[in-house]
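To start, the structure itself, in structure tokens.
What follows draws every value from the coordinates through simple rules; no lab data is involved. In this text, all values refer to a predicted model and were calculated from it rather than measured experimentally. Counting neighbours? That spans all protein chains shown, and the Cβs are built from the backbone with ideal geometry, glycine included.
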Amino acid sequence: MIQFNALLKKELKEAFRDKRALMYALMMAFMAPVMIYAVSNSMIKDLTDTPAIYVNIQGGEAAPKLMALLEDEKILPLAEVTADEKRLWQERNIELILPESFAEDMREGRMVDVILRADYQDKSLFSPLRRIKEVIRSYSATIGSQRLLVRGIDVRLMQPVKLQEQDTAEPTSGPMLIILSLGMYLMMAAFVSGLSVAIDSSAGERERNVLEMLLCQPVDTMKIVLAKLSCASFIAVIGVILTLVLTYFAIGFVDLSKIGATFNLDFISVSALLLLLLPLCFFASALQLFFAFGAKSFKEAQSTVTMVVMLPAFVPFVLSFINNKPQWLDWAPISGQSMLIEDIFKGLPVNWSQVGFTTLVTVVLTVVLVKVMAEKLKSEKVVLALS
Amino acid sequence: MIEVNNLHKNFGQVKALDGLSFSARDGEITGILGPNGAGKTTCLRTLYGLLKADQGSAKIDDIDVSQQPLLARGRLGIFPDKFGLYERLTAYEQIDYFASIHGLQGQAKKQAIEEVIADLDMQDLAYRKTAGFSQGQRMKVTLAQALVHKPKNFVLDEPTRGLDVMSTRILRNYLARFKAKGHCILFSSHVMQEVAALCDRVIIVANGKLAAVGTPDELCTLADKTNLEEAFVKIIGSDEGIAA
């Protein structure tokens, strides 16, 4: 125990004195909330924004109520278009033609033909046309219901079936992206925060000729590996907790309800998140140490370990494309955590048995990595690579 | 007491050690000489338990290194071929680190560290971070961390490389003091005058084998030469390695 304490104390001292590495480690945590805030805000703006539509309206003076309704929905006559958008809307040339006899036909209760003419294949017109159609449809439905009402007929007769649409994909695609990126960000924090410490304490020490000195000492390689792992994981844990806390506050400043998303991080979901992420910190550091010890030089270690860091970004991305996920992805490290974190952010109840199983698999794999590393440090190959 | 018996070690086709045997006795400074590539570092690494011999054994105080490497290493103080320092730690912290690895703690540890710092005359260095230390200062820190636990046996692989006269003298006096206390010191060097002045016995290694052993005077007599350098060249059969 004296040995392990000394090893760990030394690793921590070195890690915390390397200010640049530490800054790099915690940069992720400080950047996360800023990014989440910026992305969420711009996404909400995109999704809730209804830009003005300019339509070439003919015969509008005969239907002031319809015109007022259109204006409420920011559908305006082409004459009012601003100078910088003038060409665009002239080219789009959406025409709304009301017959001259509009007012008279309405009075008489005759069906009025209103013509909406545009290039229906033009994708950029999908949204404007949909909005115009909705206004006209609701105008028509309102007048129709009023006509029935004054004749003493129940309006509901007109609607024998009412379709209730319920979207089970709780948050729509917009918030989904925020949630996916948040989960990915938390996992990235677990992988990035301990990165520089892991490389420095393995490949770095070998390059500085201090590893050989240590391997000549009467200390079990298992203790050496565990001390290095504990130190790198500790920094990773700090990174993850900091990211989680700061993101929690940042998300408070974003009104996700505007786009129909709910984001509730209560005590239970935070505990579940930590339970998922903490073993991942140890797994990430073990994986990084494993590759860094295996690399021939500090530079090689940097490039291989950087590929390991890509995993938490790569795995959820690939997962989002797989429709029928094989069972083992549920409990494999990174993919298991990724799916569970996504569920937590979606507000679904935490599947504790899956949390437990994924954690167990992650811990077992970490233990295997540690044992392999401890054995590898005893091997002649590693010693010969020292010189 | 360090004993090496019939060590064989091959790296692929290369025979690094070919039946090397020698012993370094307590209360003596034993010099190990050999041209570059003779197998000195391989032999010492086998002694630390970093490499496993294909055949033969290495024992420290009668403990077989291959069977109980940790126990054997506990009785060794090692000044390795290549040494680096933890540059973000102070000299004191480094010595403290190695003292703890050797199981020292509390007052005993503090006393041992202060003693070794005083012995090597490095009080003014102790609380400075080692980044930017000169070669002599680095040697002192490495020596202090190797010897803080007062091992019975020292192995020093070319410790005087790059040292100025003052630092070399400190090292020599230090080794002489430990020799007087009955410690076993195994010392490798390329500087013949130093070996001749310091060592009680000299082992000459060539091609992974023992080429000759004896006091510097005995070796000169054996080779019929007046100085150790000439004797060395004659014994190993070429002038290879002398310039290194």
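What FRET efficiency comes out for the pair residue B:21/residue A:296, r = Cβ-Cβ distance, R0 = 41 Å, nearest 0.05?
Details: r = 35 Å, r/R0 = 0.84.
It comes out at approximately 0.75.
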For chain A, give me the percentage of DSSP beta bridges that are antiparallel, rounded to the nearest 5 percent. 35
Residues with amide H under 5 Å of residue B:205's amide H, sequence separation 5 or more or different chain, H placed in the peptide plane at 1.01 Å from N; which? B:33, B:34, B:211
Along the range A:266-282, Karplus-curve 3J(HN,Hα) (6.51, -1.76, 1.60; θ = phi - 60°) to the nearest Hz, with x for Gly and Pro, reads 8, 4, 5, 5, 5, 5, 5, 4, 5, 4, 7, 7, 4, x, 5, 4, 5
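Identify the GluC sites (Glu not before Pro) of the range A:99-165 meeting these criteria: DSSP loop state and at most 12 other C-beta atoms within 10 Å of the C-beta. Working shown, then result.
Working: sites: A:100, A:104, A:108, A:134, A:165; in loops: A:100, A:165.
For GluC sites (Glu not before Pro) across the range A:99-165 that sit outside H, G, I, E and B with at most 12 neighbouring Cβ atoms in 10 Å, the list reads A:100, A:165.
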Run a plain Debye calculation on the protein assembly as shown (Cα atoms as equal point scatterers, no solvent) and give log10 I(q)/I(0) at q = 0.07, 0.09, 0.12 Å⁻¹, rounded to two decimals, same order as the q list. -0.63, -0.84, -1.18
Of all the Cα-Cα pairs you can form in chain B, what percent are over 23 Å apart? 50
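Given +1 on the Cβ of Lys and Arg, -1 on the Cβ of Asp and Glu, and no further charges, what dipole in debye does the protein assembly as shown carry about its Cα centre, rounded to the nearest 20?
Working: 66 positive and 68 negative charges, 247 e Å.
That gives the protein assembly as shown a dipole magnitude of about 1180 debye.
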Hey, for a label at residue A:71 modelled as a point 7 Å past Cα toward Cβ, could you say which residues of the range A:46-61 have their backbone N under 12 Å away? A:61
Do the alpha carbons of any pairs in B:59/B:209; B:9/B:40; A:378/B:179; A:10/B:140; A:10/B:152 sit beyond 22 Å of each other, and which pairs? A:378/B:179; A:10/B:152
In the range B:9-34, which residues have a backbone nitrogen under 20 Å from the label point lying 7 Å from residue B:52's Cα in the Cα-to-Cβ direction? B:9-20
I want the antiparallel fraction of DSSP beta bridges within the range B:141-242, as a percent rounded to 5. 50
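Divide by every residue of the protein assembly as shown the summed helix terms, -39500 (n - 2.57) for each DSSP H run of at least 4, and state the resulting mean residue ellipticity at 222 nm, rounded to the nearest 500 deg cm²/dmol. The partial results should precede the final answer.
Numbers: 24 runs with 344 residues, N = 631.
Helix contribution divided over all residues of the protein assembly as shown: -17500 deg cm²/dmol.
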Roughly how many nanometres apart are two label points built 7 Å out from the Cα toward the Cβ at residue B:227 and residue A:245? 6.9
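Compute the relative contact order of chain A as a whole-number percentage, counting only Cα pairs closer than 8 Å that sit 6 or more residues apart in sequence. Spell out each step's value before the answer.
Details: 436 pairs, mean separation 85.5, N = 387.
Value for chain A: 22 percent.
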From the backbone phi of the range B:46-55, what are the Karplus-calculated ³J(HN,Hα) couplings (6.51 cos²θ - 1.76 cosθ + 1.60, θ = phi - 60°) in whole Hz, Gly and Pro given as x? 5, 5, 6, x, 7, 10, 9, 6, 5, 8
Zone of residue A:58's modelled label, taken as backbone nitrogen in the range A:122-157 under 18 Å from a point 7 Å along Cα→Cβ: none
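Could you rank the peptides B:5-15, A:278-288 by their average count of other C-beta atoms within 10 Å per residue, with the highest value first? List each step's numbers first, then the result.
Values: B:5-15: 14.2, A:278-288: 26.2.
Put in order of decreasing packing, that is A:278-288, B:5-15.
Looking at the range B:36-136, which chymotrypsin sites (Phe, Trp or Tyr not before Pro) are in a loop (DSSP not H, G, I, E or B) and have at most 12 other Cβ atoms within 10 Å? Display every interim value, and only then the final one.
Working: sites: B:48, B:83, B:86, B:92, B:97, B:98, B:127, B:133; in loops: B:83, B:86, B:127, B:133.
Listed in order of number, the matching sites are B:127.
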For chain A, with the dipole built from +1 on Lys and Arg beta-carbon atoms and -1 on Asp and Glu ones, taken about the Cα centre, which of A:333, A:241, A:287 lies farthest toward the positive end? A:287
Looking at B:98, A:66, A:138, which one has the Cα that reaches farthest to the positive end of the dipole of the protein assembly as shown (charges on Cβ: Lys, Arg +1; Asp, Glu -1)? B:98
Stretched fully, the stretch from residue A:367 through residue A:266 gains (0.36 nm per residue minus C-alpha distance, one decimal, in nm) 33.2 nm
About its Cα centre, what dipole magnitude does chain B give when the only charges are +1 on Lys and Arg Cβ and -1 on Asp and Glu Cβ, stated in debye to the nearest 20? 620
Excluding the sites themselves, what is the longest stretch of chain A that contains no trypsin sites (Lys or Arg not before Pro) in a DSSP loop with at most 15 other C-beta atoms within 10 Å? A:163-295
